[in-house]
Every structure is written in structure tokens, then in C-alpha cells.
Amino acid sequence: MEGLIELITGLGSLILVLIVMLVAILGSAIKIVQEYERGVIFRLGRLIGAKGPGLFFIIPIVDRMVKVDLRVVTLDIPSQEAITRDNVTVKVNAVVFYRVIDPENAIVQVEDYRRVTWQIAQTTLRSVLGQSELDELLAHRDKINRTVQQIIDEVTEPWGIKASQVEVKDVELPPSMQRAMARQAEAEREKRAKIIHAEGEYNASQKLADAAHILAVEPAAMQLRYLQTLTEIGVEQNTTLVFPVPIDIFASLTELVRKKAAS
């Protein structure tokens, strides 16, 4: 009787172990992939293809699955020091937006596509900075962004990676260059101020010449202008009396004194 009990107990333990193993095998055969993921399947080391999203089954032990995220990845490029084409040392950091468009190539063609993309982004940024001038980097940053994005995209395309956008975030200049640019900007402002002032003087002289021409043609206009000036002065309640004398009188007196002295 005791032997039968031990046999039943042993069979129960064996069945329990078999059930646990069966559940584990079935659990490893069932795979669930999210909407933004794909599962790359390898069967005995050979690529089968990418599956997903949703629920599917694989052969336990024989098949192996690698999940690949298809969402856009934000890759922050640390500050890179480079020398521009006009021999100015700058530090530039940027951000790269990329995504996996071919999960099979991303796993098979390259060991670690994230690390490779990060390294290529750094070297490409330094290379483009070395081929650009400082003024181009500061004034035409969008052109630098497009150039870096195109180079990264061409290099990573065989690996199933698509670089959608590159943005240069910050450009750090040496203090000496900042002071030189400040002096240049100040000189440019002074130049513009002098040009504007000279243009104002030129326009004012033209208007005065036109006014003098009109007053010379109509002498009565000069008298009206005198009266208007006296009216404007009187409004301010000043005690100073201004009596305008035409310049022609002084000219006539000067000519008379000259003739008398000559005689």
C-alpha cells in the first residue's frame, strides 16, 4: 500500500513538472509585439523576417526574436569643438531625430544601430563645421542642418535608418571672438547712424534751398514769414523783443560803406 502511494506521489510530481515545462514552452512560443515595434525572427540563426504588431507564435528553442522600436528617436549630440574654414574655434551641440524604417537591416547589417548613428552624427557635424565659415554658421544655420541631415541619411540608409531632421542648438564662441563681434556690431551701428544723419542733413538742405528759391521769387512771402515768427515768439509770453531785419539792408549798407571808403 505504501509503495502504491509513493508511486502515485511520484507520478503526480512528474505530471506537475511536465505541466510546468509545457506552460513555460508555450509561454516562450507566444510573442506579443506593440504597435510601434516589430519582432525580427531568426530560426537556427537564419533570418526569417519581421513580424508584428500583435500576437503570434514562434518555435521554442529553435526561433529567436529581437524587438526593434520604430518610433522617432531623439539623439542628443554632445558639444563638439571644431575649427571653421576661416580658422575660428567653435563649440556646437545639436540634436538628431531618426527612426528605423527597415528593422531587418537595422539588426542584420549593423551591430548596434543606435551607437553607430550617434558616432556618425558627431563626425558629420565636425566635418560640416570645418567646411563652413563662421558667418555662414551663424546666419544660415538651416543650411548647416540640411547638409548634416543629408550626409547622415545617406550613410545610414543601407542600415534601415532614416534621419528625418537635424537641429543645431547652440554655438559657443571664444570670449575674444565675442568681443570682436561686439566691436564690429557697434561700428556698424555708428556707420548707419552717420549715414542716416548725413541723409537728413542733405534732405534738409534741399528743402531749405527750395524754400529760399520760393522766397526770392515772392518777396512778400518773407514778410509773412517774419510776422509768423513774431507770432510764435509772442505766444510763449517772452519779454524779449525780436525785430527781424532783412539781409538785403545789410548788404546795401555794406556796399555803400565800401563805395564811400573808396572815394
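Derivation of every value follows stated rules applied to the coordinates shown; laboratory data play no part. What you are looking at is a predicted structure, and each value in this text was computed from that prediction instead of being measured. Methodologically, a virtual Cβ is constructed for each residue, glycine included, from the backbone with ideal geometry; neighbour enumeration extends over all protein chains shown.
Values for this structure:
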{"item": "Per-residue HN-Hα couplings for the range 156-163 [Karplus 6.51, -1.76, 1.60; θ = phi - 60°; Hz; x = Gly/Pro]", "result": "8, 4, x, 9, x, 10, 10, 8"}
{"item": "FRET efficiency, 1/(1 + (r/R0)^6) with R0 30 Å, evaluated for GLU154 and THR89 via beta carbons", "result": "0.60"}
{"item": "Sequence of MET21, MET181, MET65 once ranked by neighbouring C-beta atoms within 10 Å, starting from the fewest", "result": "MET21, MET181, MET65"}
{"item": "Amide H contacts under 5 Å for ILE101, placed H, 5+ residues apart", "result": "ILE161, LYS162"}
{"item": "Residues GLU201, GLU133 arranged by fewest to most Cβ contacts within 10 Å", "result": "GLU201, GLU133"}
{"item": "Distance in nm between pseudo-label sites at ARG99 and ALA209 (7 Å out along the Cβ direction from Cα)", "result": "6.7"}
{"item": "The range 105-121 - phi-based ³J(HN,Hα) in whole Hz, Karplus 6.51/-1.76/1.60, Gly and Pro as x", "result": "5, 4, 8, 7, 7, 9, 5, 9, 5, 5, 5, 5, 4, 4, 5, 5, 4"}
{"item": "3J(HN,Hα) from dihedral phi, the range 63-79, Karplus parametrisation 6.51/-1.76/1.60, rounded to Hz, x for glycine, proline", "result": "9, 9, 10, 10, 7, 10, 7, 9, 6, 5, 9, 9, 9, 8, 8, x, 4"}
{"item": "Spatially proximal lysines relative to LYS207 (Cα-Cα < 21 Å; intrachain offsets below 8 disregarded)", "result": "LYS194"}
{"item": "SER79/LYS194 FRET efficiency (R0 35 Å; Cβ-Cβ; nearest 0.05)", "result": "0.30"}
{"item": "Residues THR89, THR84, THR124, sorted so that the one with the fewest Cβ neighbours within 10 Å comes first", "result": "THR89, THR84, THR124"}
{"item": "Residue pairs, from the table LYS31/LYS162; LYS91/LYS162; LYS169/LYS191; LYS91/LYS143, whose Cα atoms sit over 23 Å apart", "result": "LYS31/LYS162; LYS91/LYS162; LYS169/LYS191"}
{"item": "For VAL110, residues with placed amide H under 5 Å, excluding near neighbours", "result": "none"}
